[in-house]
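For reference, the structure is listed below as structure tokens.
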Amino acid sequence: MSTPNDMPPFGGDFGAFVRRAHAQGRLVVQPRMGFGDPALMREGLAAVARLPAATAGTITLDSYTRVGDYRAIEAALANGERLNGYPIVSLHPDVTLGVTLGLAGPDFQIQVRHGSPDPLDIVRAMSRVGLYATEGGPLSYCLPYGRLPVRRAVDNWRRCCEELAALRRPGAEPHLETFGGCLLGQLCPPSLLVAVSVLEALFFRRHGLRSVSLSYAQQTNHQQDLQALAALRTLARRHLSDVDWHVVLYTYMGLFPATRSGAMRLAEQSVRLAAQGGVERLIVKTAAEAHRIPTIADNTQALRAAADWFDEAGRFADGPGPMGGGDHSDGDDGDDGSDNEVLHEACALIEAVLELSDDVGRALVEAMRGGLLDVPYCLHPDNAGNSRSFIDARGRLAWSRAGAMPVRPQPDHDSPMSSAQLLAALSYVADRSAAASPYSTASRREG
Amino acid sequence: MITDNSYPRRNPTALLSSVSSDSHTWNLVYLELVLAEAGYDVHNLGPCVPDELLIENGRRYRPDLIVISSVNGHGASDGTRLIQRIRADAALAGTPVVIGGKLGTDGTAGAVERERLLLSAGFAAVFEDATDLSPFLAFAAGVHRAVSTATGRIPDEHTERYATVRR
Ligand code: B12
């Protein structure tokens with residue numbers, strides 16, 4: 001299958017699509033779906049496109065492609081082994097065109113999600129078939145994704161941004177989403193997530209992108225998450241006024257509840273957060289998350305539910321959600337940010353990093369070297385490893401040790417951790433989701 | 001870290017690692033603590049470890065136990081390739097190697113068949129999606145006992161040990 005030569009493949013404008021949906025009061029919902037089999041991949045995208053909701057499609061790439069081990073893909077395909085995602089680099093462009101043709105268009109945008117510190121092959125493979133939206137970043141696709149030095153990831157991502165930006169033409173606006181709001185998925189205090197997300201967006205802009213999204217992943221406390229989303233918007237307005245940007249929330253990215261009901265409650269809580277935080281797009285997780293790669297049906301169920309909850313959330317705008325709102329002790333989390341602790345810390349981190357160099361990429365390398373950005377529990381050789389976090393009595397993520405970061409730790413909470421204590425911290429959200437009462441009965445508040 | 005093998009070691013040593021395609025690390029951070037609490041000195045190689053790097057570190061540390069953890073769904077394929085290479089290496093041919101985690105992409109479906117294949121390829125034990133760690137702890141304790149008896153080492157079981165996340 002192939003498009004005629006005089007017709008360049010679809011490029012689209014991911015950011016504009018999301019903006020349009022938002023203006024209509026709709027939340028764009030998007031899966032993290034990916035299959036090794038092209039036929040299944042197409043079927044999945046078609047199923048997502050058909051849903052009666054504002055959806056974006058996803059092609060999630062497999063782990064071999066992420067580490068550039070194309071020989072392993074050949075072996076797996078030859079042995080009939082199942083990959084954990086779509087091997088876009090190894091498949092002929094015509095095969096991928098066969099996956100997207102007739103689906104990708106102005107009303108159905110497709111984003112490629114991966115996790116590679118060396119993404120050039122991937123960016124070239126996607127752009128050949130007219131896919132111009134992806135995600136990542138020089139830190140967030142390096143620290144959690146392998147052992148490549150940060151310095152090299154920064155170089156690779158610079159080139160990737162430049163090549164993506166060069167694809168811009170009428171009707172085609174390349175889009176890049178930061179993964180900085182996720183990092184290792186759990187136990188990272190929100191201020192660092194917000195700071196890295198903003199810094200990566202600055203890096204994208206500096207290297208030519210005009211359309212970006214800033215990610216943030218749901219954490220342990222609803223109120224703190226609202227502060228983080230407000231902080232992200234404030235900082236984006238301050239630093240990114242000359243590009244198209246929106247905020248994308250991820251449903252919890254850490255250890256997920258093992259039960260269907262727990263998974264649904266956590267997902268509903270994230271929709272609630274999206275609604276209250278004014279988020280434009282949500283990446284959803286499915287009830288299969290704790291167990292296996294989700295099927296098409298797992299994904300469409302999750303997307304449908306998210307869209308329904310969002311409609312409902314509009315009618316109960318201030319309700320706390322099925323897992324409760326956490327504390328409300330510091331009242332105003334509004335945009336002025338006067339008592340937004342996440343914003344204060346994120347500002348301090350961003351300013352400290354930007355002072356290191358006029359070049360954002362170099363500043364990021366220096367910041368990692370000096371431990372000004374230091375991700376708790378991160379094993380990457382370039383991470384200083386002098387910071388630690390804990391979940392405080394109110395359920396908020398806080399620093400027990402800050403290393404060289406300009407944030408204030410609570411050293412009273414800095415004690416060695418046993419395996420059982422670590423597992424308890426990792427399980428905090430899953431345990432709370434399992435224990436919470438269903439939203440539809442006990443905690444529903446008339447609005 | 002122990003780099004000099006002539007120095008009398010007090011604890012048995014475990015080499016902990018992921019496979020070449022897997023970038024997950026919380027499993028490794030957790031298992032490092034578990035192994036330390038079980039009385040091992042642990043070398044945690046981290047995520048995305050190419051086969052050669054693992055073998056190189058195996059030759060260097062001569063561990064008493066090699067623990068492979070993978071959760072990304074490629075563990076069975078990566079593990080099969082890796083264990084064949086470990087078994088072919090003269091220095092490591094006799095070292096017990098175990099693997100665990102989420103080894104396929106479809107939950108526990110196919111786990112029995114995967115275990116059979118991984119055992120016949122050379123793993124000493126397979127612990128798929130082991131939320132209950134007791135079989136693994138029993139295995140690790142067995143290796144610990146055998147090593148301590150054979151070398152006359154006195155394990156410092158009475159010192160409370162907490163591993164730290166290494167750089
Ligand atoms: C956090 C997370 C991430 C983070 C990881 C950050 C990091 N650096 O670690 C991020 C977001 C970066 C990530 C990325 C990816 N992830 Co991920 N991730 C998770 C998640 C949500 C939690 C994992 C976790 O932290 N667990 C905490 C630890 C302590 O538990 P554990 O890993 O399960 O290990 C336990 C047992 O399995 C056991 N165990 C593990 N190993 C061993 C070994 C031995 C010897 C023994 C005895 C026991 C044992 O002990 C532990 C304690 O019970 C899981 C889903 C879930 N469980 O909720 C998905 C999950 C593991 N990820 C998955 C996938 C596929 C990926 C990606 C490939 C992206 C994708 N296609 O979706 C990439 C990885 C890229 C790569 N190159 O590998 C899949 C794996 C699917 C499968 N096996 O069928 C899961 C299950 C999600 C899903 N349902 O799709 N992920």
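Taking Cβ atoms as reference points and 11 Å as the exclusive limit, the residues near B:Ala14 contribute a net charge of -3, counting Lys and Arg as +1 and Asp and Glu as -1. Summed over both chains, the area buried between B and A is near 2800 Å², taken from the accessible surface of protein heavy atoms with a 1.4 Å probe.
Taking only complete DSSP H runs, can you tell me which helices of chain A stretch 27 Å or more along their own long axis by Cα positions and average at least -1.0 on the Kyte-Doolittle scale?
Helix filter hits for chain A: A:296-315.
Counting only GluC sites (Glu not before Pro) that DSSP places in a loop and that have at most 16 other Cβ atoms within 10 Å, the longest clean stretch of chain B runs over B:1-156. Peptides A:255-265, A:417-427 ordered by packing proxy, namely the average of other Cβ atoms within 10 Å per residue, highest first: A:255-265, A:417-427. Estimated from helices alone, the mean residue ellipticity of chain B at 222 nm is -12500 deg cm²/dmol (sum of -39500 (n - 2.57) over DSSP H runs with n ≥ 4, per residue).
The overall shape of segment B:13-131, judged from the alpha-carbon gyration tensor, is oblate: a/c is not under 1.5, and a/b is no greater than b/c.
Computed from Cα atoms, the angle from the helix B:51-61 axis to the main principal axis of chain B rounds to 20 degrees.
Rounded to the nearest 10 degrees, the angle from helix B:75-87 to the longest Cα principal axis of chain B is 50 degrees. Projecting the Cα positions of A:Ala39, B:Leu31, A:Thr300 onto the charge dipole of the protein assembly as shown (unit charges on Cβ atoms of Lys, Arg, Asp and Glu, taken about the Cα centre) puts A:Ala39 furthest along the positive direction. When a 1.4 Å probe is rolled over the protein heavy atoms, the share of accessible surface on segment B:13-131 that falls to carbon and sulfur comes to 54 percent. The long axis of helix B:26-37 is offset from the longest Cα principal axis of chain B by roughly 30 degrees.
Solvent-accessible area per residue in chain A equals 36 Å², computed with a 1.4 angstrom probe and all protein chains kept. Surface composition of chain A: carbon plus sulfur atoms contribute 50% of the solvent-accessible area (1.4 Å probe, protein chains only, all chains present).
Based on Cα contacts under 8 Å between residues 6+ apart, chain A shows a relative contact order of 16 percent.
The values are calculated or read from the model by the stated rules, or taken from the named source; none is laboratory data. Small disclaimer: the values here were computed from a predicted structure and weren't measured. Note: ideal-geometry Cβ built from the backbone for every residue, glycine included; neighbour counts use all protein chains shown. Remember, those area values only see protein heavy atoms, side chains included, never the ligands or the DNA or RNA. Shrake-Rupley method; radii C 1.70, N 1.55, O 1.52, S 1.80 Å.
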